[in-house]
Amino acid sequence: MTNERFSAGGTGKRDMWETIMRFTPATLALAALLATVSSVGVSQRPDSQITPLSLEWLAKGNAARAAGSLQEANDAYESALAVDPRNRKAFIALAEVARLQGLQGKALRLYDGALTLDPADMDALGGTVQALAEKGAIAKAREALSKVKTLCRGPCPQVAQLETMIDKRAAPQAALSAKDVTPAPTVVPTQQP
């Protein structure tokens, strides 16, 4: 039967090429997907495998911050991230320095970098809530706080602290918005001569 197929004008070769051409794009796409997925797992390292030099820079930054030198701490934390961009603690420490300097937007970007590495990092989520509240984005701070609440199993003192901080920030904002309401101007009709 197979001999008849090949001898009948080469339709067997045509069927074989048609099958190959039909499945080649799907096979290549599947191979690319598997290569991408496997490389993501290889590139992620746990905190215990952070480069020691990055940890040294992190310690220098912590010492400078404790001494009150925020610029030195900032430089050391940036060096820690340059050595090993997987150092989540350096992202968080750098974000805290940015918050202390009044740079809440920069702090939010840095907390986001830490959350990219570990979406369940409670320190980064808590810092995000604080930075949003300090920035005046109370609604977004409450949204971020709800993420903290869902990740926190059982009683969390951090949640209560963040809630009181948001409430403290929200009260002056509500008072300001009530004062900012301008009364409608009174229009006095003019007399025409």
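Listed values, structure above:
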{"item": "Pairs where the first residue, in the range 80-97, is under 16 Å from D118 (Cβ atoms) and the second is among the polar types (S, T, N, Q) and in a helix (DSSP H, G or I), C-beta under 6 Å, 6+ apart", "result": "D84/S54; N87/S54"}
{"item": "Answer residue from the range 33-67, given it is modelled with pLDDT of 85 or more and not in a helix (DSSP H, G or I) and is surrounded by the most Cβ atoms within 10 Å (Cβ to Cβ) among those", "result": "I50"}
{"item": "Any hit, the range 68-80, residues being modelled with pLDDT under 75 and among the hydroxyl-bearing types (S, T, Y)", "result": "no"}
{"item": "Matching residues, the range 86-125, being surrounded by 15 or more Cβ atoms within 10 Å (Cβ to Cβ), among the acidic types (D, E) and part of a helix (DSSP H, G or I)", "result": "E96, D123"}
{"item": "Among residues of the range 49-76, those that are within 20 Å of A107 (Cα to Cα), aliphatic (A, V, I, L, M) and in contact with a helix residue (DSSP H, G or I) (Cβ under 7 Å, 6 or more places away or on another chain), counted", "result": "5"}
{"item": "Failed item, numbered, when L30 is tested on (1) modelled with pLDDT of 90 or more; (2) of a type outside the set (V, I, T); (3) exposed (fewer than 14 other Cβ atoms within 10 Å of the Cβ)", "result": "(1)"}
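Each row is one residue, and each column tells you yes or no for (1) touching a Leu at 6+ places or on another chain (Cβ under 7 Å); (2) within 24 Å of A93 (Cβ to Cβ); (3) in contact (Cβ under 8 Å) with a residue 40 or more places away in the chain; (4) hydrophobic (A, V, I, L, M, F, W, C).
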residue	(1), (2), (3), (4)
G127	no, yes, no, no
K135	no, yes, no, no
A144	yes, yes, no, yes
V148	yes, yes, no, yes
C156	no, yes, no, yes
Q161	no, yes, no, no
K168	no, no, no, no
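The values are calculated or read from the model by the stated rules, or taken from the named source; none is laboratory data. Given the structure is predicted, the values throughout are model-derived calculations rather than measurements. Quick reminder, even Gly has a Cβ in these numbers, built from the backbone with ideal geometry, and neighbours come from all protein chains shown.
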